[in-house]
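In what follows, a single structure is set out as structure tokens and then discussed.
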């Protein structure tokens, strides 16, 4: 094969997206920290899906135009650092081919090389042993292959072979990967995309990973945030069902089933084994989806939720808080996790709050929409999570108004920075003051482990509690109070004056009171504040100032 045109490239994108989607859960499992919010696979999958969706709407012969659509979809849908880097890789790739109707092997290899250079420029401090290393070393092999071969398949084979070798070597470059016994999750996600590309070039189908299907439904709470109107929720019914296959009925093929189910809506998840298929889809016609599924066997479980009604209930609970984006001269946009934390940010000056954080990183587009809908003349963004900073910066580069991104990595940092915001100051002064404020707060959090591991010299058992001081696990134990107290002791020093406890949605009042009493007894000179954050995942978060 000597040429790739737009239609073939669209097939490659679709195959890459499908392959990543099927393996996103495994990529999530490779996250180094055993916290219940491993999200690299989820972020890359949502980013790639956004790119594939935009591509599907602009399929044509000209590869430059298809690449432009793919890049736009990826850019706006990018979530988390891994998703942003993925979008930059293909931004450079697409820029390289934008003037061409089709490309040969040399241009194909050059496009990967351009993608790598763009991605490295986008990252402030590139770290080797990550997705960047895998992309760079894979691209280098593609360039070498193109010197002696005119076959685009051979170039892609060289990229995949070298990429897999590079991926396997990532633990040798990042000691923490070696300590935990995993390869880089972002690199693994990228290789699933590249594997899909190669399969499409060869005309091969991508086999779904073999999984045992459990009988639980997706814990889909539909966190609508503050920026969605009820009438915009289309499709409107979260539909889940399971089918037990029966002899004599229609033979099951997962790829065909998935393609057919995609016609009923979006947010599609299909998992199957030898006996059962489990399906999740957001649809306007749930009855038709169920009827389709019944031709394969007996439907054994059904759950259909009206998401528009759920959203109306959310609005009712919020009372006077509107789902429309408020128009302001100066926007201060912050990312929040937990209704109580949202209320706190609003009370101290945030004009707009986007729901997100650990459990679901907002996309570049989510942030852009708020800025544009606010009709502001300038904006400040507080990501409050290290995995959202790049998406915030990408959003800032897309909009037409001046934007300052405050590099807050935690909720406590975001709160402290907000307290330094002065409405009448100009954008540069506020950015300087708010960024400086980040240095004066220490952040801690308590959650539970989802697997056994050992990291940073701490042995961790599945289900045990963990205390994180900034991004380092410092203590783990089955006793939550013990973990909280040891973590706080590690955070507090002779200069500490205030400790703020953010109570999570799963934390008991008795535990909060016990912690506050402990601090008062042991640190009589320190002021203790308690905020009902109602944040998920983290039963406690602490700020020490």
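The values are calculated or read from the model by the stated rules, or taken from the named source; none is laboratory data. Here the structure is a predicted model, which means the values were calculated and not measured. Here the Cβ is made from the backbone with ideal geometry for all residues, glycine too, and neighbour counts use every protein chain on show.
Filtered by the rule that a residue be under 27 Å from residue 49 (Cβ atoms) and crowded, with 23+ Cβ neighbours inside 10 Å, the stretch 367-378 gives 367, 370, 371. Regarding the stretch 421-437, can at least one residue be identified that is within 22 Å of the chain's Cα centre (by Cα) and part of a helix (DSSP H, G or I)? No, because not a single residue in the stretch 421-437 is within 22 Å of the chain's Cα centre (by Cα) and part of a helix (DSSP H, G or I). Residue 462 satisfies every condition listed in (1) touching a residue at least 12 places away in the same chain (Cβ under 8 Å); (2) touching a helix residue (DSSP H, G or I) at 6+ places or on another chain (Cβ under 8 Å) except (2).
Touching a helix residue (DSSP H, G or I) at 6+ places or on another chain (Cβ under 9 Å), modelled with pLDDT of 95 or more and surrounded by fewer than 17 Cβ atoms within 10 Å (Cβ to Cβ), is that true of residue 144? Criteria met by residue 144.
Taking the conditions exactly as written (surrounded by 13 or more Cβ atoms within 10 Å (Cβ to Cβ) and not assigned by TED's automatic domain parsing to the domain that holds residue 404), does residue 449 satisfy them or not? So residue 449 passes the test. Among the residues of the stretch 278-297, those that are under 17 Å from residue 307 (Cα atoms) and not in a strand (DSSP E or B) comprise 284, 285, 286, 287, 289.
Restricting 388, 411 to residues that are closer than 23 Å to residue 508 by Cα, surrounded by 14 or more Cβ atoms within 10 Å (Cβ to Cβ), under 24 Å from the mean Cα position of the chain (by Cα) and not assigned by TED's automatic domain parsing to the domain that holds residue 182 narrows the list to 411. Show the residue pairs meeting these rules: Cβ distance below 9 Å; 6+ apart or different chains; first residue within the stretch 67-78 and at negative phi and outside the structural domain of residue 97 (by TED's automatic domain parsing); second residue surrounded by 24 or more Cβ atoms within 10 Å (Cβ to Cβ) and in a helix (DSSP H, G or I). As it stands, the answer is none, since no pair meets every condition given.
Residue 304 - would you say it is modelled with pLDDT under 90, in a strand (DSSP E or B), in contact with a strand residue (DSSP E or B) (Cβ under 8 Å, 6 or more places away or on another chain) and buried (at least 18 other Cβ atoms within 10 Å of the Cβ)? Taking the combined requirement at face value, the residue does not satisfy it. Of all residues in the stretch 242-253, those satisfying the criterion of being at pLDDT 90 or above and surrounded by 15 or more Cβ atoms within 10 Å (Cβ to Cβ) are 243, 245, 252.
When residue 179 is tested against (1) surrounded by fewer than 19 Cβ atoms within 10 Å (Cβ to Cβ); (2) modelled with pLDDT under 85; (3) in a loop (DSSP other than H, G, I, E, B), exactly one condition is not met: (3).
Taking the stretch 1-80 as the region of interest, the helices (runs of 4 or more DSSP H) fully inside it that hold 1 or more residues being over 27 Å from residue 396 (Cα atoms) are 6-29, 63-77. On inspection, residue 482 fails the criterion of being within 25 Å of the chain's Cα centre (by Cα) and either outside any strand (DSSP E or B) or over 20 Å from residue 334 (Cα atoms) (or both).
Could you tell me whether residue 156 is surrounded by fewer than 22 Cβ atoms within 10 Å (Cβ to Cβ) and either outside any helix (DSSP H, G or I) or touching a helix residue (DSSP H, G or I) at 6+ places or on another chain (Cβ under 9 Å) (or both)?
For residue 156, the condition - surrounded by fewer than 22 Cβ atoms within 10 Å (Cβ to Cβ) and either outside any helix (DSSP H, G or I) or touching a helix residue (DSSP H, G or I) at 6+ places or on another chain (Cβ under 9 Å) (or both) - is not met.
Within the stretch 210-224, does at least one residue satisfy the condition of being within 30 Å of residue 156 (Cα to Cα), at pLDDT below 90, touching a strand residue (DSSP E or B) at 6+ places or on another chain (Cβ under 9 Å) and exposed (fewer than 14 other Cβ atoms within 10 Å of the Cβ)? Checked against the condition, which is being within 30 Å of residue 156 (Cα to Cα), at pLDDT below 90, touching a strand residue (DSSP E or B) at 6+ places or on another chain (Cβ under 9 Å) and exposed (fewer than 14 other Cβ atoms within 10 Å of the Cβ), the stretch 210-224 yields at least one hit.
Looking only at residues of the stretch 232-261 that are free of Cβ contacts under 8 Å to residues at least 12 places away in the same chain and assigned to a helix (DSSP H, G or I), we find that the one that is farthest from residue 285 (Cα to Cα) is 256.
Can you spot a residue in the stretch 501-509 that is farther than 23 Å from residue 417 by Cα, at pLDDT below 95, over 30 Å from the mean Cα position of the chain (by Cα) and not in a strand (DSSP E or B)? Yes, there is a match, as at least one residue in the stretch 501-509 is farther than 23 Å from residue 417 by Cα, at pLDDT below 95, over 30 Å from the mean Cα position of the chain (by Cα) and not in a strand (DSSP E or B).
Among the residues of the stretch 263-277, just one is modelled with pLDDT of 85 or more, closer than 23 Å to residue 307 by Cα and touching a helix residue (DSSP H, G or I) at 6+ places or on another chain (Cβ under 7 Å), namely 264.
Considering the stretch 391-408 alone, what residues qualify as being outside any loop (DSSP other than H, G, I, E, B) and either touching a residue at least 40 places away in the same chain (Cβ under 8 Å) or crowded, with 16+ Cβ neighbours inside 10 Å (or both)?
Passing the criteria: 391, 392, 393, 394, 395, 396, 398, 403, 404, 405.
Sort out which residues of the stretch 479-497 are within 21 Å of residue 461 (Cα to Cα) and out of contact with any strand residue (DSSP E or B) (no Cβ under 7 Å at 6 or more places or on another chain), and write them in order of number. Result: 479, 481, 482, 485. Output the residues belonging to the stretch 335-364 that are touching a residue at least 40 places away in the same chain (Cβ under 8 Å), surrounded by fewer than 20 Cβ atoms within 10 Å (Cβ to Cβ) and part of a helix (DSSP H, G or I). Once the filter is applied, which keeps residues that are touching a residue at least 40 places away in the same chain (Cβ under 8 Å), surrounded by fewer than 20 Cβ atoms within 10 Å (Cβ to Cβ) and part of a helix (DSSP H, G or I), the stretch 335-364 yields 339, 340.
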